[in-house]
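Below: the structure, in structure tokens.
The values are calculated or read from the model by the stated rules, or taken from the named source; none is laboratory data. Given the structure is predicted, the values throughout are model-derived calculations rather than measurements. Cβ coordinates were reconstructed from backbone atoms using ideal geometry, including for glycine residues, and neighbour counts include every protein chain displayed.
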Amino acid sequence: MSSRPSTAGFFRQSVPAIGLSIEHSTTRVPDDGHFYVVLGEDVKGRFRGKAPALALYRRLIAECGYTPPRAAPERGRNETVERYLDDVEAYWAESHRHIHRGGKGRY
């Protein structure tokens, strides 16, 4: 029996725009417990741990000059939704006035 910790499961982190990925136990790399840094179809590194693989991964991203695309500007909220939320808030703010208190025979 091996004293190595189990590395069950697969792992993949990638930047599809440049074809860079870190893979562990996927169909593209051997299931030998190592982390592979893959650029296109070339294996750039094979590591026992995830941390050194991440270091190479980040270095390759910096070398190619990739920057993620900017997020789309956030749209304004719909007036109908705003009106509905205002009505719900007003209802719950006033709801304490409509509670019947007391027991049998009391209103």
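Given 83, 106, which one is outside any helix (DSSP H, G or I) and either modelled with pLDDT under 85 or surrounded by 10 or more Cβ atoms within 10 Å (Cβ to Cβ) (or both)? Talk me through it step by step, then tell me what you get.
Values: 83 fails: outside any helix (DSSP H, G or I).
After applying the criteria, what remains is 106.
If you check 65, 49, which single one turns out to be free of Cβ contacts under 8 Å to residues at least 60 places away in the same chain and either at positive phi or charged (D, E, K, R) (or both)?
Details: 49 fails: either at positive phi or charged (D, E, K, R) (or both).
The match here is 65.
Filter the stretch 43-76 down to residues that are over 21 Å from the mean Cα position of the chain (by Cα), exposed (fewer than 14 other Cβ atoms within 10 Å of the Cβ) and small (Gly, Ala, Ser) and give me whichever is nearest to residue 12 (Cα to Cα).
49
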